[in-house]
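The values are calculated or read from the model by the stated rules, or taken from the named source; none is laboratory data. Given the structure is predicted, the values throughout are model-derived calculations rather than measurements. Because the Cβ atoms are built from the backbone with ideal geometry, glycine has one as well, and the counts that use them run over all protein chains shown. Just the protein is used for accessible areas: all its heavy atoms, side chains included, with ligands, DNA and RNA removed. Shrake-Rupley method; radii C 1.70, N 1.55, O 1.52, S 1.80 Å.
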Amino acid sequence: QLQASGGGLVQTGGSLRLSCAASGDTFSNYVMAWYRQGPGKQRELVASIQFVGSTNYADSVKGRFTISRDNTKNTVYLQMNTLRPEDTAVYYCAARRRWSTEYKYWGQGTEVTVSS
(Lines give C-alpha, C1' and ligand atoms only; values in the text may rest on other atoms or scores of the structure.)
Protein backbone atom coordinates (compact mmCIF):
# COMPACT_ATOMS: atom_id res chain seq x y z
CA GLN A 1 0.00 0.00 0.00
CA LEU A 2 1.28 3.46 -0.94
CA GLN A 3 0.17 6.73 0.63
CA ALA A 4 1.29 9.95 -1.06
CA SER A 5 1.18 13.41 0.47
CA GLY A 6 2.69 16.86 0.18
CA GLY A 7 1.00 18.37 -2.84
CA GLY A 8 -0.39 21.87 -2.93
CA LEU A 9 -0.43 25.25 -4.60
CA VAL A 10 2.87 27.05 -5.15
CA GLN A 11 4.08 29.97 -7.21
CA THR A 12 6.48 29.66 -10.12
CA GLY A 13 10.00 29.20 -8.79
CA GLY A 14 8.81 27.72 -5.53
CA SER A 15 9.46 24.33 -3.96
CA LEU A 16 7.47 21.39 -2.64
CA ARG A 17 8.41 18.03 -1.18
CA LEU A 18 6.23 15.02 -1.83
CA SER A 19 6.30 11.97 0.40
CA CYS A 20 5.10 8.44 -0.18
CA ALA A 21 4.87 5.97 2.68
CA ALA A 22 4.87 2.28 1.79
CA SER A 23 3.52 -0.56 3.86
CA GLY A 24 2.76 -4.24 3.55
CA ASP A 25 5.93 -5.77 2.13
CA THR A 26 9.71 -5.66 2.27
CA PHE A 27 10.63 -2.18 1.05
CA SER A 28 14.04 -3.29 -0.18
CA ASN A 29 12.40 -5.50 -2.81
CA TYR A 30 10.97 -2.53 -4.64
CA VAL A 31 12.06 0.11 -7.09
CA MET A 32 10.15 3.28 -6.25
CA ALA A 33 9.07 5.98 -8.67
CA TRP A 34 7.07 9.14 -9.10
CA TYR A 35 4.81 9.61 -12.10
CA ARG A 36 2.67 12.59 -13.00
CA GLN A 37 -0.30 13.33 -15.19
CA GLY A 38 -0.95 16.90 -16.21
CA PRO A 39 -4.23 18.28 -17.56
CA GLY A 40 -4.89 16.71 -20.95
CA LYS A 41 -1.61 14.83 -20.89
CA GLN A 42 -0.56 11.22 -20.60
CA ARG A 43 0.95 9.89 -17.41
CA GLU A 44 4.74 10.20 -17.49
CA LEU A 45 7.61 8.91 -15.40
CA VAL A 46 9.23 11.71 -13.44
CA ALA A 47 11.91 9.85 -11.47
CA SER A 48 12.77 6.45 -10.10
CA ILE A 49 15.13 5.12 -7.43
CA GLN A 50 16.57 1.71 -6.74
CA PHE A 51 16.99 0.34 -3.21
CA VAL A 52 20.72 1.08 -3.30
CA GLY A 53 20.00 4.66 -4.36
CA SER A 54 20.68 4.83 -8.08
CA THR A 55 18.27 7.25 -9.73
CA ASN A 56 16.76 8.10 -13.07
CA TYR A 57 15.01 11.34 -14.11
CA ALA A 58 12.92 12.65 -16.95
CA ASP A 59 14.82 15.26 -18.94
CA SER A 60 12.23 17.90 -18.07
CA VAL A 61 13.01 17.72 -14.34
CA LYS A 62 16.74 17.03 -14.28
CA GLY A 63 18.55 19.53 -12.09
CA ARG A 64 15.31 20.68 -10.44
CA PHE A 65 13.83 17.55 -8.84
CA THR A 66 15.51 15.06 -6.52
CA ILE A 67 14.14 11.63 -5.64
CA SER A 68 15.32 9.96 -2.46
CA ARG A 69 14.26 7.17 -0.16
CA ASP A 70 14.59 6.43 3.52
CA ASN A 71 14.68 2.67 3.78
CA THR A 72 14.35 2.80 7.57
CA LYS A 73 11.02 4.60 7.22
CA ASN A 74 9.78 2.84 4.06
CA THR A 75 9.31 6.25 2.50
CA VAL A 76 10.24 7.81 -0.82
CA TYR A 77 10.45 11.55 -1.39
CA LEU A 78 10.40 13.91 -4.33
CA GLN A 79 11.97 17.30 -3.67
CA MET A 80 10.79 19.69 -6.35
CA ASN A 81 12.58 23.01 -6.77
CA THR A 82 12.27 25.84 -9.27
CA LEU A 83 8.76 24.74 -10.10
CA ARG A 84 7.18 25.80 -13.37
CA PRO A 85 3.54 25.99 -14.47
CA GLU A 86 4.14 22.97 -16.71
CA ASP A 87 4.88 20.92 -13.59
CA THR A 88 1.22 21.23 -12.65
CA ALA A 89 -0.12 17.69 -12.42
CA VAL A 90 -1.36 14.95 -10.18
CA TYR A 91 1.72 13.14 -8.89
CA TYR A 92 1.59 9.43 -8.16
CA CYS A 93 4.07 7.26 -6.37
CA ALA A 94 4.50 3.78 -7.75
CA ALA A 95 6.41 0.63 -6.93
CA ARG A 96 7.64 -2.38 -8.83
CA ARG A 97 9.50 -5.42 -7.63
CA ARG A 98 13.21 -5.32 -8.43
CA TRP A 99 12.89 -8.21 -10.86
CA SER A 100 9.84 -6.82 -12.66
CA THR A 101 9.47 -4.18 -15.38
CA GLU A 102 5.90 -3.26 -14.47
CA TYR A 103 4.90 -0.71 -11.85
CA LYS A 104 2.12 -2.72 -10.32
CA TYR A 105 1.47 -0.76 -7.14
CA TRP A 106 0.18 2.82 -7.12
CA GLY A 107 -0.63 5.46 -4.57
CA GLN A 108 -3.73 7.63 -4.73
CA GLY A 109 -2.07 10.72 -6.19
CA THR A 110 -1.38 14.16 -4.79
CA GLU A 111 -2.12 17.32 -6.73
CA VAL A 112 0.52 19.94 -7.45
CA THR A 113 -0.49 23.29 -8.93
CA VAL A 114 2.10 25.84 -9.95
CA SER A 115 0.72 29.32 -10.55
CA SER A 116 2.34 31.72 -12.97
Ordering 30-36, 19-25 by per-residue average of other C-beta atoms within 10 angstrom, highest first, gives 30-36, 19-25
With x for Gly and Pro, the residue-by-residue ³J(HN,Hα) of region 38-50, computed from phi through the Karplus equation 6.51 cos²θ - 1.76 cosθ + 1.60 at θ = phi - 60° and given in whole Hz, is x, x, x, 10, 7, 5, 10, 6, 9, 6, 9, 8, 7
Quick calc, the chain, dipole around Cα centre from Cβ unit charges on Lys, Arg (+) and Asp, Glu (-), nearest 20 debye, gives 180
Here region 42-116 gives, from Cα atoms, an Rg and Dmax in Å of 12.8, 41
Expected vector for region 61-68, Karplus 3J(HN,Hα) from phi with 6.51, -1.76, 1.60 and θ = phi - 60°, integer Hz, x for Gly and Pro, equals 10, 4, x, 10, 10, 9, 9, 8
Placing +1 on each Lys and Arg Cβ and -1 on each Asp and Glu Cβ in the chain, then taking the dipole about the Cα centre, the residue among 50, 116, 8 whose Cα reaches farthest towards the positive end is 50
1/(1 + (r/R0)^6) with r = Cβ-Cβ of residue 99 and residue 9, R0 = 35 Å, i.e. FRET efficiency to nearest 0.05, evaluates to 0.35
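Stretch residue 79-residue 19 to full length: gain in nm at 0.36 nm per residue minus the Cα-Cα span?
On the way: separation 60, 0.36 × 60 = 21.60 nm, distance 0.88 nm.
Gain on stretching residue 79 to residue 19: 20.7 nm.
Once fully extended, how much extra length lies between residue 72 and residue 41, figured as 0.36 nm per residue of separation less the alpha-carbon to alpha-carbon distance?
Once the chain is fully extended between residue 72 and residue 41, it gains 7.7 nm.
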With every protein chain kept in place and a 1.4 Å probe, the chain has an accessible area per residue in Å² of 53
